[in-house]
Structure formats: C-alpha cells, structure tokens
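Report on the following structure.
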Amino acid sequence: MLAVESLELEILRGRPRKVVRNVSFSVPRGRVTCLVGESGCGKSLTCLAILGLLPEAVRRTGGTITIDGERVNDLSPEHLQALRGGKAAMILQNPMSCFDPICTVKSHFLESLAAHGGNPGRLSPEVMPESDLARARRSLAEVGFDSPDDILDAYPFQLSGGMLQRVMVALALLSEIRLLLADEPTTDLDVVSQARILTLLDETRRRHGMGVLLVTHDIGVVARMADFVVVMHKGEVVEQGEVATLFAAPRHAYTRALLQAHLSLYGLSFGDEAVGVGTVSPEPCLAAATPGPVPEEVRLR
Amino acid sequence: MNLLEARQVAKRYRRGGLFGKRSEVRVLEDVSIALEEGKSLGLVGRSGSGKSTLGRLLLGLERPDEGQILYKGKDIFTSGKEHFRRFRRDVQVVFQNSLGAVNPRFRAVDIVAEPLDNFEPLSAAERRCRVAALLEGVGLSEADLDKFPSQFSGGELQRLCIARALAPRPRVIILDEAVSNLDMLIQVQVLNLLRRLRDNSGTTFLFVSHDLRLVADMCDSVAILADGHIVERTSPEKPLRDFSHPAFLELLDAVLPARPDGSGVFRNILSQERTA
C-alpha cells in the first residue's frame, strides 16, 4: 500500500543537517504498521513527508515514496491535494489544536468535503447540501456517535478530547481511503479514551481493509495494535519486523531498552515471570544521578 | 502522621458567562484524602473526574468552597502567614505540561532557583552551585545551566521541573500526570529517580494519574476518583487488587497489554503480583 524507500530529510535552518537518513519500510494493505521511537527521532517528519506536508524548513533530499503504486514524489501540488483525503488521510495528536475553535464541527466537515471534491465554493454551513450532510452523518455514525446532528452543531470546545479524536477519524473516513496515517493519536487522551480510539481504529481498518501507519512512542500501543513494527532511533531505522518477533527477540540494543522499559511498567522482564514491580535495573544515564540525601537538619525540622 | 490532608472539601466552578446560560459545575463533593508522612498516595481517575482540581486545592492554589486543607494538622488558610509560607515551601508540584510551567525567557538556572530566591536568598555563586547539584540529581548537567527552555527536549524539561520542585527541599511533592506523556525510556528514568528520592529522603508523594500501572508500582495506597467523589480507596482490608467499583474496572481494562500475544494483561498481573 505504502512504500518508503531510502528517505532522506534535511533541516535547512542554520547549517543544513540530515534528520532522517536512509529510511525504508512498507505498510501493507489491511495491516497496522507501527513506527516507534522517542520524540525527535524523525518519526513525525517521516509521516508528514509521506503526504507532502513537510514544513518549509525541512526538505526531502532523497528517496521515493509510493502510495498504491503511485509515486508521490513526482506529484504536483494539485495531485498531492487530491491524494490527501482521497486515497490517504492523517489524524494528529492533539485534537484540541486541530480544530478551529470558532467553527462548528459541521463547518469542518464542509471544509474537508469542499477540499476533496464535494461542493467547492459553498462554504456556508446553512446551505450544506443534503448529500454532503448525509456523508458527514454516516461518517460520524461510523465512529460511534449515536446522534450525529448534535455533534455537527457543536463547537470543538464543547467536546472532550476523546470525542474530538473520534470526529477527526470521522473526517478522515469521508472518502474511501486506502491508507490512514495516525501520528500519536492517543497520546493526549486518558487511558479509557485511548482504549476506545484504538478499538475504533482497529475496527475501521478491518472494515475498510486499509493500511494503517501508526506513529507512537508507547510500546503498549504497539502490543495492542501492531502487525509490523519499524523502530527509529536518531533519524534511522534500527530494526523492523513482525511484532511477535520483535517482542520475542529484539536485535538492536535500543529496541531492547525500549521493551525493557515498557515491561518494567508491568513488573515484567524478558522472561515470563513477574519480577516484582519496581526492581528494574536503573538506566545507565541515571545511575550516577542519585539525588543526594536530604541533610539531617532539614529532614528533622 | 498526616502531613497534608483534604477534609470534606467541595469545589464548584461557574460555567457560562456574559452571553450563555450560567450554571454551576460541581467538580468535587465531600472529598477527604490524607497524605501520610513518607508514604505515596495515588489519585486515579479519568479526565474530568476532578483529580487535578483536588491537586490544586491541596497545593493551596485555590480555596475549597467547603471543607479544609490541613498541613501538619492546621488549616492552611486560617493558621497565619508563617504557617502558609512553611506550607508553600514544603509542598511542591510538577505539572504535566512542562513547557507551560516554565518561563520561556528564563535560563535553566533561574527557573530552578526561583523557589530558592523566594525562600532562602543565596549569593550568585552559591545559587549556581546549588542549581548545578540539583540538575545533576535529575540527570542533567552543569552545561545545561544557561540554556533556555526551548533548548531542552520534553523529557529534559520535565526533569528540570522536577529539579525545581526539589530545590526548596520539600516534604511533599504532588505530581500531576508528570510522567505519563514522556517517552518510554525517560518515563522509566524519571520513575527510578522518584523512587530513589522516596527511599533516600522520605519524601511524601501524591501521584495524580489515569495510569493504574504507574500507581500500582509507585504507591502505598490508592484512591479512585470519579465524578468528583472518592469511590474506592485502599485500606488494610482492601488492597488494590480487590477493588470492584465500575470506575476502577473501566480504568483497569483500558490498560494496554504488555505483550502482543495477549499475555501480560494488567488485570492478571495485578492479582498475581499481590497474592505472590
């Protein structure tokens, strides 16, 4: 569905430096591929590059991106626009900042529909054509809203983070997309909303048979969702493969450290036995960082 | 001894304003919790359950509409300036959004030294030296002293905020979702750091979180907050694994699995762990 080959990205601010080097992976149809790494490792930029949405200061200096057999690199801005929301769509981390606070949810749908071959030029919610309205309602119903009309009339600040994230998924589902890019879609949500959004993404993927690229730093999300995993570290792919293999036998030291950190939150280690919560060996960089004991006179006061 | 305590507090906010309908939102109703000296308490609930509001009340940032906040057994608002000052110094906080919790125009040294400037003015050299030691305590280095917030990563900035909270040598630290959004490796580093603090200096912690893994791991006792009420809390007769309130079960079942093959379900780990 999606193939990224030898992608190179460069930041132009100051002295140009490569922030993504030789990144190659693919996202098969109907499966979830997780892109994992710490913040600043280049995973979000890779995601943006796929849809031609790189910020001005970042330039693609090499590599090819192919979506559904079509080379994205060669596309004109108009074709790219048609691709976004047509074949592929993206949902982002912070639902609160992705919506315009002075526009109703309906206006957001109208804008998306106009941008993607709906009824351009008619950008007033009052005259939203019935066919568009029906599409919006259908989409909202699909992500689990029982009364879509109430949501359409709501302003973003009247909805919770989890609800807004579902609206964002609904916007992405307006067209029959083949590829969904989700950049940390649940990081800002509480655990219960997170579980619901992940279930929603999983069901949607199954129903539409689309490929999903899920960018995350949370190995719990990987364990819950992934078929394949791509691990990025400092702008490079250090390891990739099937999720079961990665959990059973991680090859790279960074992957191992990630898994160890993740399992320690559950009081588990690589073996199956519970080692007791809180007995993780300290990270090397903090081993030397023990805060000094509080002086006696302070403690006693 | 109860170091810090909320006694039957209630808090309401007004919603709506100039144009809309005015209505009252009851955020907390008849909530009592106590932080025992040297122990860690976990306050768990979904977004909007009122847990951050309770944190703000315990910090004295807002006044409760009903009930009292007691520090060392004395009401913080009616026991005089000296007691309030003592309380302010001894109870420190780390918020979730570290970028929003620091002044972007301050250098690291000034950020961390701010509570020191309030409570114990030092000479410039002493001040720098104290801050350098604090930075080292959280895994940052002396070289970071003159950096601005924008030059730190999210995890580094969060550790800077922890260093600031530690600066006046507090007795209580309130962590409001302070680690939940950090990268995996950094999260574990910060938890190890907090664990060490707890063991070495007997600091009392309040973990405000929606993540049961964290709280089960770090806390001596746990209280579940839902819709402004404490619905369940640990006691000698009732450990965390025996909790049964729907609000708790919802949080428990939402914890992501440890492994892709379906093993390492947190619910099972919790029951095994505590019976073992």
Which of the residues spanning region B:83-100 are within 14 Å of the chain's Cα centre (by Cα) and either over 17 Å from B:Leu175 (Cβ atoms) or in a strand (DSSP E or B) (or both)? B:Val91, B:Gln92, B:Val93, B:Val94
So which residues in region B:52-82 are crowded, with 16+ Cβ neighbours inside 10 Å, within 14 Å of chain A (Cβ to nearest Cβ) and more than 18 Å from the chain's Cα centre (by Cα)? B:Lys72
Yes/no for B:Phe248 being under 16 Å from the mean Cα position of the chain (by Cα) and at pLDDT 90 or above: no
Search region A:215-229 for residues that are facing chain B (nearest Cβ under 7 Å) and pair each with any residue that is among the charged types (D, E, K, R) when their beta-carbon atoms are under 7 Å apart and the residues are at least 6 apart or on different chains. A:His217/A:Glu38; A:His217/B:Asp183; A:Ala223/B:Arg259
On the basis of being more than 18 Å from B:Gly55 (Cβ to Cβ), modelled with pLDDT of 85 or more and either within 11 Å of chain A (Cβ to nearest Cβ) or not in a helix (DSSP H, G or I) (or both), does B:Leu122 make the cut? yes
Hey, among A:Ala89, A:Ala136, A:Ala170, which residue is at pLDDT 90 or above, closer than 29 Å to B:Arg46 by Cβ and in contact with an Asp or Glu (Cβ under 8 Å, 6 or more places away or on another chain)? A:Ala170
Candidates B:Ser49, B:Ser40 - the one that is buried (at least 20 other Cβ atoms within 10 Å of the Cβ), touching a Cys at 6+ places or on another chain (Cβ under 9 Å) and under 20 Å from B:Leu225 (Cα atoms): B:Ser40
The listed residue being of a type in the set (S, T, N, Q) and in contact with a Pro (Cβ under 8 Å, 6 or more places away or on another chain), out of A:Gln240, A:Gln165, A:Gln194, A:Gln158: A:Gln165
Run down A:Gln240, A:Gln260 and say which single residue is within 11 Å of another protein chain (Cβ to nearest Cβ) and touching a residue at least 12 places away in the same chain (Cβ under 8 Å). A:Gln260
Looking at the structure I just gave you, is A:Asp149 more than 12 Å from every other protein chain (Cβ to nearest Cβ) and either among the acidic types (Asp, Glu) or surrounded by fewer than 22 Cβ atoms within 10 Å (Cβ to Cβ) (or both)? yes
Quick count over region A:97-125, residues being more than 25 Å from the chain's Cα centre (by Cα) and at pLDDT 65 or above, is 2
Scan A:Val143, A:Val192, A:Val215 and give me the residue that is in contact with a helix residue (DSSP H, G or I) (Cβ under 6 Å, 6 or more places away or on another chain), of a type outside the set (Asp, Glu) and over 24 Å from B:Leu182 (Cα atoms). A:Val143
Over region B:223-245, the set of residues within 13 Å of chain A (Cβ to nearest Cβ) and surrounded by 20 or more Cβ atoms within 10 Å (Cβ to Cβ) is B:Ile224, B:Leu225, B:Ala226, B:Leu240
Considering residues of region A:169-193 that are closer than 26 Å to B:Ala226 by Cβ and out of contact with any strand residue (DSSP E or B) (no Cβ under 6 Å at 6 or more places or on another chain) only, the residue surrounded by the fewest Cβ atoms within 10 Å (Cβ to Cβ): A:Thr187
At least 1 residues that are among the small types (Gly, Ala, Ser) and under 23 Å from B:Tyr71 (Cα atoms) in each: list the helices (runs of 4 or more DSSP H) lying fully within region B:154-222 that qualify. B:154-166, B:184-201
Please work out which residue is farthest from B:Pro115 (Cα to Cα), limiting yourself to region B:172-202 and to residues that are under 13 Å from the mean Cα position of the chain (by Cα) and in contact (Cβ under 8 Å) with a residue 60 or more places away in the chain. B:Ser180
Residue check for A:Met210: in contact (Cβ under 8 Å) with a residue 12 or more places away in the chain, crowded, with 20+ Cβ neighbours inside 10 Å, of a type outside the set (D, E, K, R) and under 18 Å from A:His108 (Cα atoms): no
Looking only at residues in region B:172-194 that are touching a strand residue (DSSP E or B) at 6+ places or on another chain (Cβ under 6 Å) and surrounded by 24 or more Cβ atoms within 10 Å (Cβ to Cβ), which one is farthest from the other protein chains (Cβ to nearest Cβ)? B:Ile174
Tell me yes or no: at least one residue of region A:197-207 is within 13 Å of chain B (Cβ to nearest Cβ), out of contact with any Cys (no Cβ under 6 Å at 6 or more places or on another chain) and of a type in the set (Ser, Thr, Tyr). yes
Any idea which of A:Ser193, A:Ser175 is out of contact with any Leu (no Cβ under 9 Å at 6 or more places or on another chain), at the interface with chain B (Cβ under 8 Å from one of its Cβ atoms) and either in contact (Cβ under 8 Å) with a residue 24 or more places away in the chain or more than 14 Å from A:Gln93 (Cβ to Cβ) (or both)? A:Ser193
Quick check: is even one residue across region B:203-216 surrounded by fewer than 21 Cβ atoms within 10 Å (Cβ to Cβ) and either modelled with pLDDT under 90 or of a type in the set (Gly, Ala, Ser) (or both)? no
From B:Gly55, B:Gly45, B:Gly139, grab the single residue that is touching a helix residue (DSSP H, G or I) at 6+ places or on another chain (Cβ under 7 Å), in contact (Cβ under 8 Å) with a residue 40 or more places away in the chain and under 30 Å from B:Ala10 (Cβ atoms). B:Gly45
Which residues, counting only those in region B:125-177, are of a type in the set (Lys, Arg), touching an Asp or Glu at 6+ places or on another chain (Cβ under 9 Å) and modelled with pLDDT under 90? none
Taking region B:246-262 and keeping residues farther than 27 Å from B:Val231 by Cβ and either touching a residue at least 24 places away in the same chain (Cβ under 8 Å) or more than 7 Å from chain A (Cβ to nearest Cβ) (or both) leaves B:Gly262
Pair list, Cβ < 6 Å and 6+ apart or interchain, from region A:30-43 residues that are more than 9 Å from chain B (Cβ to nearest Cβ) to residues that are part of a loop (DSSP other than H, G, I, E, B) and at pLDDT 95 or above: A:Arg31/A:Asp227; A:Val32/A:Ala226; A:Val32/A:Asp227; A:Cys34/A:Ala226
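The values are calculated or read from the model by the stated rules, or taken from the named source; none is laboratory data. As the structure is a computational prediction, the values presented were derived from the model and not from experiment. For neighbour counting, all protein chains shown are included, and Cβ atoms are generated from backbone atoms with ideal geometry for every residue, glycine included.
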